[in-house]
1. Averaging over every viewing direction, what projected area does the convex hull of the Cα atoms of region 309-379 cover, in nm²?
2. Going by average Cβ neighbours within 10 Å, how do the peptides 365-378, 296-309 rank, with the highest at the top?
3. If R₀ is 30 angstrom, what is the calculated FRET efficiency for the pair residue 291 and residue 260, using the beta carbon separation as r and rounding to 0.05?
4. Which order, highest average first, do 331-343, 249-261 follow once you tally other Cβ atoms within 10 Å for each residue and take the mean per peptide?
5. Please state the Cα pair-distance histogram of region 59-180 with 10 angstrom bins from zero: what percent is in each bin?
6. How would you rank 88, 383, going from fewest to most other Cβ atoms within 10 Å of each one's own Cβ?
7. Can you tell me the FRET efficiency between residue 68 and residue 357 if r is taken as the Cβ-Cβ distance and R0 is 60 Å, rounded to the nearest 0.05?
8. Considering the Cα positions of region 222-445, please state its Rg to one decimal place and its Dmax as a whole number of Å.
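No lab work stands behind these numbers, since they all come straight from the coordinates. The structure displayed is predicted, hence computed values, not measured ones. Heads up, the Cβs are rebuilt from the backbone with ideal geometry, glycines too, and the neighbour counts pull from every protein chain shown.
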């Protein structure tokens, strides 16, 4: 079988080369000399790239396309020879709950939407009302704020009035945004901060973020939803801390200090060290009688069951990941810092700028392309967490209750242990979709925040 596959591949490659040569001869006959020379140069370039295209096609593009095709089939032990087409059933099965829960998704979604939109209108009413120029816009803001308060306090979660009011608020805000009711004064930094603080204070004051409540209940009845929950928790916990510490270390390494090369090597070593070795060392550190608990007891604290308590599963894995990756990202930050022209700092020094002002108005803007790159790479890498959990918990997704079940571990379990390749492929494409959405939102949010030094 393998020899036949090799012969088939070589045959296809040979046919492609012959076809390209025939096309070249035809173009030589039909085209003018100048156009033919340009075409010949392009043809030669693509001919040199052909082996790479073949390798990428066989080992990258073809598996991607085939796994997507496979996600619509039932393919397991019983149907290995003849996979059964089942459409979107694999995707539906991922989100299917074992038992019904007290909150429906629609109720949770529209109640949360109502809360969010009501708080936005209230923040505009409190902090931004005088900056709204047109009279009808002010009336709409007041009306939507009042409707939101009435619905929040006087209706229950099952009332269709909540659905209607939340949709009306969304449509109204869209109309207001299209009519440019946000003035330049509304976009000032201090007002954004007030809106941000007010929104989240209002959001958590009521404690009725029902979409979160829904997910908290649903993750107990669906292993895949729990994997999404754990992975998102890990990403939000590890990524900001890693980037922040990496930036601090890079700023320190960029100073004129002795032994900078040694410090750079020390911080970079964890990244190039085997994940297995790192996880085994941290497994010893987190043991009940490990070094961390020994230090805690010497300081007067009680021992923590790092590897036995499900509440510490994701934080424990995050600590290992942060320690491993912070040196790598700090080196990238350091390269970005060293690319900033020193003349900017010299001009700022002449103008009497403080170190914080230099950092705020020179370093951060000119470092934004590097920061943007690191955020994207760190976030995508965090969504793929698997090795640390697998080694730390000896092949199990956490100590118990699947507390360490992540999306990649879920795909691995479906594919390797349960041999349900169709479900594993569907889960892989859901992970791809989640990563794509997060990356797209990050690119949109950073579009006006990234500055390139020309």
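1. 6.1
2. 365-378, 296-309
3. 0.55
4. 331-343, 249-261
5. In order of increasing distance, the bins hold 11, 27, 17, 15, 17, 10, 2, 0 percent.
6. Fewest-to-most ranking of 88, 383: 88, 383.
7. So, using R0 = 60 Å, E works out to roughly 0.75.
8. Gyration radius and largest Cα-Cα distance of region 222-445: 20.4, 67 Å.
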